[in-house]
Each structure stands twice: as structure tokens, then as C-alpha cells.
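Here is the structure we will look at, set down as C-alpha cells.
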Amino acid sequence: MIGNEQIRTWIKALQQIYHDQKDYLTLLDSAIGDADHGINLDRGFTAAAAELDNNSPPDISATLKTVAMTLIRTVGGASGPLYGTFFLRASTACAGKSELQASDLATMFAAGVEGIIQRGKAQLGDKTMVDTLTPAVQTMQQALQDQIDICQMLEQGVAAAEKGMLATVPLQARKGRASYLGERSIGHQDPGATSAYLLVKIAKDVWVDSPVV
Amino acid sequence: MIGLVIVSHSKPLADALIDLVRQFSANALPIARAAGVGLERREFGTDAVDIADAIQSVYSADGIVVLMDLGSAILSADMALELLPDEVRSTIHFCAAPLVEGTIAAAVQIAAGSDIETVCQEALRALCPKIEQLKPSDSTDLSDEPAETSKKPSHDQGLETELPQEAIITIRNVHGLHARPAARFVQTAAAFDADVQVAKLVSGSDSRQSIAKGPVSGISLTSLATLGVLRGDRLLIRAKGQDAKRVLEALNRLAEEHVGEASPDILSPVSSDLSPSVTPENATIPISEGIAIGPVAHYRLLRSPVPDDLIDDPEAEWQRLQQAIAATQQAIQQRRQRLNTTLGQEQAAMFDAYLLTLEDRAILDQVREQIVQQHVNATKAWHETITAIANAYAALPDTYQQQRAADILDVGSDVVASLLGETVSGILTLPEPAILIVPELTPTLVAQVDPGQVLGIVAVTGGPTSHGAILARNAGIPAIVAPALEGNTRSFMNLSAGTLVAFDGSTGEFWIEPSSQLLNDVRKRRNDWLAAQSQALEVSHQPAITRDGRRVKIAANAGSVFDAKIAVQRGAEAIGVLRTEFLYLTRQTSPSEEEQMEILSHIGENMGNAPVYVRTLDVGGDKAIPYLSLPTEANPFLGLRSIRLSLRQPDLFQTQLRAILRAGTAHDMRIMFPMISTLDEIIQARQCLEQAHQSLEDEQIPHRWPIPMAMMIETPSAALLAASFAPYVEYFSIGTNDLTQYTLAAERGNPELTGYADALHPSVLQLIRHVVEAAGQHGKQVGVCGEIAGDPAAVPVLVGLGVNELSLSPGGIPRVKTIIRQLDMLSALALAEKILPTARASEARAIAQEYLDSL
């Protein structure tokens, strides 16, 4: 079962991983973007984690909203409003819930990803975070229908996310700064797809692999 | 006052921009910025919360225009909407204009007190002058030959075009060249291929030397603004380049029309014998010829305002929109069908774009987002999206694109009406014949009216080149545009239904409640006009015979029953080409044999004993005919089209051939095969025809047999092999539009290649000569049915080349007949001999024009 504490753990772990992977994400972004993705996410999640420490929002929805607002204010690049929208929609989806079941979790991710798609207007195959998140959400929803438990659902979601992330390598970017490169964007893994993969993977890591769940 | 918010990645950039704006507008503008992130906003980035705060800080009920730089600025601005209270959100207009240019243009407009739509529109337009200015000045220099052909008749100005041409115009607008007229001026100047410089002259001086201010570029709104042109000021305009003369004429006309603004205190010329009753309102625009007299009926959109409320169930709301769109589609189909049979396929085709608009993913996605994400009601979401897109089109420099704006609003308003619970009707009915008063002359409106019921149309807005105006002229409905003027209590919109009015669609004059004396005068004028019309028509029914006795048959190109009717009225001796595509387009299944036969017979009836050359289906991958499952082709004009398609779809082909043969029992129907390029095609086509005959024979169905068979010459191959084709056909019809396109390898719809589209190109003329000679050796006749058949300068050339028949749009028949009657064959032959050795269309056209002028 996932409660407010587990959500906080997820955000803190995300802060840690984006901090650790700052240079890697920035390296990916320097190939096809403006080399700020890692820096921006590190700044945003560091601020978000700090905000959670300072404020201790009372429930899941409030925690996610705090993260959303902090990311919006501090990330600066396009990933600010995109991940900000993800957490804002996730917050709405979790409103009034003190614990999240497998179905709630799938709904939360689906709402967040839907928000990203609406905000960025990217479609599958545009070489963006959508390429990671859409298959992840679809897989989780399928797993839910197959009545698979929360751990397997997350594991399968992460596997789909990873596949989606790697599949961005041969694509030509059609959204964001990378699209300016046209064909030259082919052959590079998309940094947004990579950070999105981490978003899902860390959720699985902290909720499935750690003893908390 | 409208507030302005600048969203940028960089705080220094935004601050500098605000400083720049203050230079342009003296007023204290409510302006705020949201730029940069992090400590003291020193880092590049954008922050949605900051943007929401900035919007709040300059918010007033007048609304907010937000301009942004790029990338995350757009996403963050979009996100900020979610953070704002509803009443603020609904007043926000995101403007896609380039940041610096757009902000300045918007600020100028806000300071000038424009409404928010105009502000956004002007901002979007701000890039146009720059694009124009940085455009290579003479891009045609890149290649030798096309550079010549691309210059149309104006070539003989030669060196003259190198020197600037000049004109002096006087600005009579009450407020001078303020923002809106200045934009009109800039738009007009930018529409031509010419460098336009404008200087303000010292008032009271006649000398061209006494320049008070300038010169500045005539296509820069901001530069023009610096001249500070007031009412009565005279402007010296210098233009250089290909269109120098034309741009000066256009600007002169614009000035005479008060730069698009109605000037209540300027009286238009009043004719001596027939003074219109209310002169100050006479700033009208003649739209469609004809004199209308009758009672007024209003076509008012008594539309409830677009609701503002948010909705709870987005999916239900989305469904509601889908239903409204479906209802609109149905109404458009109805109108299209009707136009197709009355005005023909080409006119009806403009509604295809309407249908496409309703299916446009980009539009639907935007609307859906507003409904689903922001819970905006469908009416408002649709209305705002359509308006924004129309504004974006209106801001484009291309007049065709601008016309799209009016069309999008036209189609969009039907959906709004449906959402508001109003009936979207396909056809408009009036209790008695009347003069219809409408807010705007839209294609939808013209398509809805019955020319028998509507004596004339008076529109409050619109121009002579709008699609609605073109349709009105084609339908023969007299029309004028009479703007509703400020403080005008007697504008047409306010007339009570049934008030007797009259107007003249060729001059724009009108009379409200004319006295009986005046009414008699107007009636007399109307009768004179009708008499002159019928006299011109009468002459056009005489055959076209040159002065030395050679007869040239004049036929009409037709694509509908209506065309056939007009063709007879205008004196066509045959239908030279009946385009049968109208039978196939805009439907879900192919037309049955009976259906086709019936329509063909109907056309035959209209034509009496005159022959009708029925051209078999001539379409390809460039046309959407769902039931034909046409492949998408890389080069549709070089692909599986026309006869090639017919030969591969035997069922479709047989149905059409049988219908033509059957219609031929009562009328002189003949068969014409299009786009033949190889001998085998004509042999196969003939076999198909024989097969159709055989099957009808077997079924003992009466039909015409034998039937005269003709072929189109549209490919260089067919032209060069005409002697080999001649034994198989009775008649060759040279389709010069396609023949030119295939000879010069230049797609005729490509706007970049219009310079290649002149069929007076010597290569095409040599092919025509070749066909005439080959046909003559076999005793066969040759006609020309492309656009040049109706081109006054080309007519003597074609006659001189030995062409026996010209087939053209019905409207041009009287003129072409008149030209032929002025010709003598000796000089026409000499003209052809003089033109054939030229190497450029421009040379050929110059010689042809010179000859025409000498007639």
C-alpha cells in the first residue's frame, strides 16, 4: 500500500537520482538540446524535496501538488511545466485518498501522463518523454485488468518504460528544441524520455524493492 | 485598458523590450513581464506561477494579451492559465506573434484603443513587413529562361521598371493613417512585387521636392507610423520593381476608398439625373452587377451570446460538439449539392474546404483540450479556437490565406449556431421575393438563397474579391456592400422589413423609399440595362465569322447543368467539353447508369440540337473520391489518372459509356477520351466503347450507335503522334492547360510556377500547329479547349494556326466572337508565322497583344 510517506520517499529518491544523473542527463541533452535538462531537474527536485521537508503536506494530494508547484517555479525549462503538469494532475487524481491501491496508482500515472500530452502536444514517436510514459501507463493499465499485483504492475510498467526510452534512439525529434536538429537528432537517446524512465523506475525501486511496501 | 504580459526566458531581454515599448507608446500601458528563474531571476527559464502573477498584476476586464518567446515559455504560459481564477482566464489571449515585433505592434494597438482581437491580429501581422523586406529583391534572376517567361505582359516596360514610378495620394480619412488604415496600406503595398517608399509632403506645397518627413518603407507598419500622416496630408509614393505600376494604382485606389474606412463626410459622386436619396451613406462597394428593386428582408443572426460557464461533464460536452459538427456537415453537403447542380462543380468546390475545416485535427485537438482540461463549454471553446485560427490566417500576407479567415469564421459560425440550439438550415426560404439585408456576404449565405426569390443582396461587410462576392456574381444576384456607419440611423440593418429599396450593383448607388418619380427613373435604368444585356447576347448568338469568311465554331466548356444553360444563353454552338467529374464528386458511391443518363439527357435538352462532347471521367490521386480508392501518388498528375484509371476500372468505365450511349438516342451526345498519351490507350478505349455498345445491344436497350469519338490532346506524346491517332477519332480537342503543364513540366496548381503556365509558350504553339497539320491531312477537325481559348490575345493566334473550334467558359463567348469578327485570315496567318519562331511566352504574348490592340 502506498501512503503519503511513500510518496515523499519517491520524491526524495527522485531528487537523489536526478542529482546523481545530472551530468548524464545533461550529456544526453547536449547532443540534441540545450544541455540543461539534468541541471534543471536537479534544481527543481532539490527544491521540491526541500519544500516537502519544510512544509510536510498533510496528504498524498497535497504532497503531489507541492511538488508540482515547486517544479513549475524552479525548473525553468520545458520540463518544468511538463513534469509540473504531471504532478498537478496526479495530485487531482489522488484527491481525498490516504492510501493508493494498484488501480489508484495506475490512474495517477495515467492522469499525469495525459496532462503531459495535453501540455506538450507531443504524440508517440515524436522522441519525447511521451514515448516512455505512454507505454508504461498502457502496460500498467493492462496489468491491472489482468489482476496482477502492485509489484508486478510496477515492474512491467518499468520494463515498458525502458523499452520506450531506448526506442527513442533511432527516432527523429518532432517536438521541443531537439526538433530544430531534424535528422541530426536521429541516433541519440532523448533526455526527456530518459528522465521520464527514471520517474517510473524510481517509483518501482522505492515501493517494490525497498522494505517499506 | 488591455494589459500586456511578456513571457521570456531572459529577464534582461524582457526588461529591455519593455523599455523599447515605452519608446513607441506614450501612454502608460499596463505591461508586466515574467522572465527568468532562480535567484533574482538570473537564470534562463520561465515560471508559470510568475506568469500567473504578472497577468494578475495588469488584469482588467478589458483583457490581457500574452506574448512569449519560445519553448518552455509557451508551455509555462499555458500552464499559468490553470493557476488563474476563471474570470481572469477567460479574458486572456495568447498571441503567437514573434516577441519583439509582436509586442511593439500590440502596444501600439492597445494605446490606439483597439479591441483585443485587433491587437492580436496586428501583433501576428508584425512579422509580415520584415519577411517582405528581407525577401530577395529579384529571385527570378536565378535562371535564364524562366525569368523571362515569368514576367507577364508588363515585360515591354523594359528599362522603365528600373526607374522608380511615382504617385501622389491624399489621405482623407478622418483620423489620418492611424493604426488600422496604416495596416491596410501596408497590406496592399506588400501584396505586390515592388519596393515601395513613402514620404509625407509639406502641406500646401505642390512640389515633389518638398518632403516633410521620410521616405520610409511602405511595407513597414512602424515606419509608416513615424510619418504621422493626418487627414489631408499628401504622400509621395515611389515604387520600383516588376509590379511598380500596379502597386501605385492599388494604393491610389485604396486612398480613394478612404483606405478601407467609411468616411461619413466625404460624398461620393452623385449622378446628375438620379440623386440617391441618402447621400452620406453612399460609401458603398459595388459587388455584383444588376439593378434590384424590392422590399427589404433581413437575414439576421439573432444569436444569443456565447455562454461563459464552465461545464461538469467534459465528455458529454465533447459529444455535444460532435453532434453540432455533424449537423453542420449535413447542412454544408446540402448546400454543396445544390450549388453543384446550379452553379457547377468549381463553385461548389469551395465548400470542400469547409468540410475539411470541420475535420481539422489541429482545430479539434485545441477545442478538446479546452473542454477536457479547462472544462470550458463547447460553444466557447469552439468559438475561441475558430476565431484565433481565423485571426492567424487573416494576419498572413497572402490574400488567398486571408480569404481562408473569412471562410473559417463562416463555417465556424454554423457550428456555434447549432451548439446554441439554432437550426442550421441548408436552404433559406423567404415569404416573398425581396432584397436581402445581411451582416456579411458569405459563401454559405449565397449558397442558401434562391436567385428566383432573392432580388438582390445588401451586405454590411465584405469586399468584391471575397468568395461570397464571386458566388453572387456567378449566380447573377445583384449585390452591394453598404457599411453600417457610425451615427448612421438609416443604415440598411435598421430598415424595417418590407421597406422599399433599390440599388445598382454596378455603381453601388442605392435609394431608400424612393419617390414614385425616382422609382420610375430606376425602373427605366433597369430596363435599359436589361435591354443592353439582351442586345449583347443577341449578337453573341450570331456565328463567329472572320471578315474574309472563315467560320470558327465557338463552344462552351461545361461542368454542370447550370453551365449548359448559361452556354446556350451566351451563344455557344456546342458543348466542346462536358466535364463529367461533377457526377462523381461529393458522394459516397459511384453514380448509377440511370442517374448519369438522366443528367446527361437534361444537359442535352438544354443544348437542343447542338452537339455535346462528353468527356469521360478525368480524375486522379489529387481528388478525393472515396469509393474509387485512388492510390496516394507522389506525382498525381503523372500517375494513375483519367483514361488510365478508367481502363483499369472496367465497371466504372462501362457504366459511364453505357450512360452516354443511351443519352445519345435523344440528343447529339458524343464521346471524348481524356489524357491519351499512347496509341494503345485509344485502341483500348474504343474496344471498351464497342463492348458497351454490344452489351446494350444484347439487352435490347436503345442507344446511339455509331457515336462520334474524339480525344483530348493534353500530352506532348499525343500531339506529336496526332497523325497516328487521326484514323481512330473524328475530332481532336487540345486541352492547353494540361498540355502546357506537361510540356513545360510545371504543375499548374503550384503558385511558384505560375510563370510557366502561359499556354502561349512557343513550345505549346508549335505542338498545336503540328496537331492542326496532322489532322488536316486526315480531314479531321481540331478544337482548343484550354483557358487560352477564352484569352482575347490568344484567339487570333489560334485562328491563325488553323484551329477550327474554340471551347471556353460560357461567360467569355460574346467577347471571343466579337474578336473573331474583326479578324481577317491573312493577317491572322501572318501573326501565327511571326509568333511560332519565338522562344519565350513573353515574346509571343507581346506580339499577340500588339496584334489584338491593332484590331
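Show log10 I(q)/I(0) for chain B at q = 0.08, 0.09 Å⁻¹, two decimals, from a solvent-free Debye sum over equal Cα scatterers. Results for chain B at q = 0.08, 0.09 Å⁻¹ read -0.88, -1.10.
Here the peptides B:776-782, B:499-505 are ranked by packing, the mean other Cβ count within 10 Å, and the order with the highest first is B:499-505, B:776-782. Rounded to the nearest 500, the 222 nm mean residue ellipticity of the protein assembly as shown from helices alone is -15500 deg cm²/dmol, with -39,500 (n - 2.57) taken per DSSP H run of at least 4 residues. Reported to the nearest whole Å, the Cα centre-to-centre distance from the range B:455-480 to the range B:542-613 is 26.
Annotation: peptides A:75-84, B:88-97, B:821-830, ranked by per-residue average of other Cβ atoms within 10 Å with the highest first, follow the order A:75-84, B:88-97, B:821-830. Overall, chain B carries a charge dipole of about 1940 debye about its Cα centre when +1 sits on the Cβ of Lys and Arg and -1 on the Cβ of Asp and Glu, all other atoms neutral.
Bridgeable aspartates and glutamates around residue B:380 (alpha carbons under 12 Å apart, same-chain partners fewer than 8 residues away excluded): B:308, B:309, B:317.
Close amide H partners of residue A:78, meaning residues 5 or more places away or on another chain with modelled amide H under 5 Å apart, are B:72. Positive-end ranking of B:1, B:674, B:235 along the dipole of the protein assembly as shown, with charges on Cβ about the Cα centre, is headed by B:235.
Between the Cα long axis of helix A:4-20 and the first principal axis of chain A there is an angle of about 30°, rounded to the nearest 10.
Sorting the segments B:435-445, B:689-699, A:12-22, B:284-294 by their residues' average number of neighbouring beta-carbon atoms within 10 angstrom, most packed first, yields B:435-445, B:284-294, A:12-22, B:689-699. If only the Cβ of Lys and Arg carry +1 and only the Cβ of Asp and Glu carry -1, the dipole of the range B:594-649 around its Cα centre is close to 340 debye. About its Cα centre, the range B:756-855 has a charge dipole of approximately 160 debye under the convention of +1 per Lys or Arg Cβ and -1 per Asp or Glu Cβ, with nothing else charged. Averaged over the residues of A:78-87, the number of partner chain Cβ atoms lying within 10 Å of the residue Cβ comes to 5.
The C-alpha atoms of the range B:1-59 occupy a region whose extents along the principal axes are 33, 22, 13 Å, arranged from largest to smallest. Each principal axis of the range B:573-690 carries a Cα extent, and these read 43, 33, 25 Å when sorted largest first. Remark: mean inter-chain Cβ contacts per residue of B:40-47 equal 5, using a 10 Å Cβ-Cβ cutoff to other protein chain atoms. Averaged over the residues of A:108-118, the number of partner chain Cβ atoms lying within 10 Å of the residue Cβ comes to 1. Dipole of chain B computed with +1 at Lys/Arg Cβ and -1 at Asp/Glu Cβ about the Cα centre; of B:761, B:16, B:646, farthest Cα towards the positive end is B:761.
The alpha carbons of the range B:659-703 occupy a box of 33, 22, 10 Å along the principal axes, longest dimension given first.
When both bridge partners sit in chain B, DSSP labels roughly 35% of those beta bridges antiparallel.
Relative to the longest principal axis of the Cα atoms of chain A, helix A:37-55 runs at roughly 20 degrees. The range B:807-839 to the range A:1-33: how many Å between their Cα centroids? The distance from the Cα centre of the range B:807-839 to that of the range A:1-33 comes to 79 Å.
Given Cα positions, please report Rg to Rh for the protein assembly as shown, the hydrodynamic radius being the Kirkwood one. Result for the protein assembly as shown is an Rg/Rh of 1.02. Note on residue B:633 and residue B:359: with the Förster distance fixed at 22 Å, the Cβ-Cβ geometry gives a FRET efficiency of about 0.50. Pick out, from A:198, A:182, A:169, the residue whose Cα sits farthest towards the positive end of the charge dipole of the range A:120-213, with +1 on the Cβ of Lys and Arg and -1 on the Cβ of Asp and Glu. The listed residue farthest towards the positive side: A:182. Rounded to the nearest 10 degrees, the inclination of helix A:191-204 to the longest alpha-carbon principal axis of chain A is 20 degrees.
When restricted to Cα atoms, the range A:13-155 yields an Rg and a Dmax of 15.4, 43 Å, respectively.
Checking the cross-link pairs B:130/B:200; B:565/B:780; A:12/A:65 against a 25 Å limit on the alpha carbon distance flags B:565/B:780 as lying beyond it.
Every number in this text was worked out from the coordinates using simple rules, so none of it is lab data. The model shown is predicted, which means the values in this text are computed figures rather than measured ones. Here Cβ is always computed from backbone atoms with ideal geometry, including for glycine, and neighbour counts include all displayed protein chains.
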